[in-house]
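The values are calculated or read from the model by the stated rules, or taken from the named source; none is laboratory data. Not measured: the values here are computed from a predicted model. Glycine also receives a Cβ, built like all others from the backbone with ideal geometry; neighbour counts cover every protein chain displayed.
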Amino acid sequence: MNSPLASRRHFIAATGAAAAVSGFPTILRAQGGNNATLKIGLIGAGGRGTGAASQALSADPNVKLWAVGDAFASQVTNSLNGLAKFGDKVDVPEARRFSGLDAYQKVIESGVDVVLLASPPGFRPMHLRAAVEAGKHVFAEKPMAVDVTGVKSVMESARIAKEKGTTIQHGFCWRFSPNTREGYGKVLGGELGRVVSVYGTYMGGVPKPSTNINQRNPEWGDVEWQVRNWMGHEWLSGGPLLEQFIHTVDKIAWAMNDVEPIAARGGGGRAQRDDDGNVWDHYEVAFEYPNGVFAHIGGRQFLNAFSEVTDRVFCEKGSMEAPGRVLTKDPSGKITWAYRGAGTDMYQVCHNEWFAAIRKGEPLNTGEYMAKSTMLAILGREAAHSGQRVTWADLWNAKQDFTPEKVEMGAKVAPMEIPVPGKYKLA
């Protein structure tokens with residue numbers, strides 16, 4: 001677990017040139033009724049990674065989980081125990097169980113066709129680039145990066161994947177929810193008139209893992225401690241606006257038909273968190289869009305407080321609310337439509353559509369879209385942290401890179417400073 005890991009900036013510099021000469025992959029290009037077995041590799045074997053593996057194994061009748069990698073061997077074991085119900089579809093002997101910070105590369109090199117990326121998002125751009133360079137089909141869980149350098153890398157990886165003809169699927173799960181799709185379809189179809197404002201909430205409790213310093217084993221180096229408690233450290237998680245509230249940010253982008261914003265301003269802070277990390281626990285951000293439209297998000301991770309996850313899209317002729325009970329209202333507040341269809345697992349829909357595209361040889365590549373939704377969340381975070389109005393152009397011109405110079409389990413890496421508005425600056 002102490003294998004050295006090159007920083008992302010060095011990794012990207014080293015691999016970028018290879019992309020131009022690597023040519024097309026020898027990966028399976030399944031067409032129509034082709035039933036060749038697709039071998040799945042899981043990188044990041046926590047709860048979400050295990051869930052993604054379960055959905056992938058359920059999405060296609062002729063797939064196998066072939067390799068699993070995680071920073072920690074115990075995570076690999078726990079994940080495989082949770083997937084035992086799939087029987088022979090799980091074919092991961094000890095030789096294809098990898099741990100350490102270089103486990104991602106070993107999974108990619110193990111003979112897999114399809115890769116699921118579910119490690120802490122600070123590693124996502126590097127893992128995505130490695131998988132794309134190797135010609136693998138990729139599912140990338142949200143968010144796709146934690147900083148500007150990472151987003152730009154994801155954009156480049158998406159370009160490379162298009163050249164190679166491999167697929168990239170995203171983990172913004174609400175885009176696959178049938179009821180939510182129908183509600184947003186009414187907004188984007190013009191039934192309610194022009195969007196005039198949006199208010200989305202993501203208000204919940206404090207997620208695990210905890211970064212309580214009393215839980216630290218004195219044998220763990222700084223990097224190992226921070227990776228074990230990645231949600232509390234911005235270079236690994238991006239903070240809650242990216243790691244969790246980004247679902248609501250993405251639905252704001254959806255309501256606005258994914259047009260680019262003009263700017264953001266906002267605030268927030270660190271009210272209840274008392275760990276040794278640096279992330280905030282609440283945000284209030286307003287995104288400024290063309291034609292005088294403002295879209296707002298209120299997100300927090302508080303104990304013993306009101307909880308709500310709701311999107312309210314206000315239009316000229318009424319409003320739409322989602323998720324949960326998806327409905328529309330007229331200006332007086334009277335319900336004019338409500339979704340009546342059967343509930344469907346949005347996570348499973350995501351993988352069903354992805355594997356169908358792989359089998360048909362369809363050019364599914366959501367890389368640019370998923371990078372821009374991630375960048376929208378970064379825009380809000382940077383506006384809040386700095387206390388400034390940050391424009392979309394400002395952000396794309398930034399050189400922000402959170403990755404420590406030395407990323408090894410035993411390395412000494414001090415936690416990033418807690419952002420203070422008026423002092424913190426976008427690099």
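Structural remarks
A quick yes/no check of all residues on (1) assigned to a helix (DSSP H, G or I); (2) in contact with a Ser or Thr (Cβ under 8 Å, 6 or more places away or on another chain):
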{"site": "320", "(1), (2)": "no, yes"}
{"site": "332", "(1), (2)": "no, no"}
{"site": "341", "(1), (2)": "no, no"}
{"site": "344", "(1), (2)": "no, yes"}
{"site": "348", "(1), (2)": "yes, yes"}
{"site": "357", "(1), (2)": "yes, yes"}
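- Matching residues in the range 406-427 - criterion: being in a loop (DSSP other than H, G, I, E, B) and within 23 Å of the chain's Cα centre (by Cα): 415, 416, 418, 419, 426, 427
- Restricting 304, 257, 278 to those that are among the polar types (S, T, N, Q), under 17 Å from residue 378 (Cα atoms) and assigned to a loop (DSSP other than H, G, I, E, B) reduces the list to 278.
- Residue within the range 90-110 that is in a helix (DSSP H, G or I), under 17 Å from residue 57 (Cβ atoms) and among the small types (Gly, Ala, Ser) present: no
- Count of the range 199-231 residues, restricted to those that are in contact with a Phe, Trp or Tyr (Cβ under 7 Å, 6 or more places away or on another chain) and either surrounded by 24 or more Cβ atoms within 10 Å (Cβ to Cβ) or modelled with pLDDT of 95 or more (or both), is 2.
- Taking the listed residues 20, 52, 13, 45, the one that is at pLDDT 95 or above and either exposed (fewer than 13 other Cβ atoms within 10 Å of the Cβ) or touching a Phe, Trp or Tyr at 6+ places or on another chain (Cβ under 8 Å) (or both) is 52, with no other qualifying.
- The range 232-265, subset of a type in the set (A, V, I, L, M, F, W, C) and either free of Cβ contacts under 8 Å to residues at least 60 places away in the same chain or in contact with an Asp or Glu (Cβ under 6 Å, 6 or more places away or on another chain) (or both), residue surrounded by the most Cβ atoms within 10 Å (Cβ to Cβ): 263
- The one condition in (1) under 22 Å from residue 299 (Cα atoms); (2) surrounded by fewer than 18 Cβ atoms within 10 Å (Cβ to Cβ) that residue 411 fails to fulfil: (1)
- Verdict on residue 145 being of a type in the set (A, V, I, L, M, F, W, C), part of a loop (DSSP other than H, G, I, E, B) and either buried (at least 23 other Cβ atoms within 10 Å of the Cβ) or free of Cβ contacts under 8 Å to residues at least 24 places away in the same chain (or both): yes
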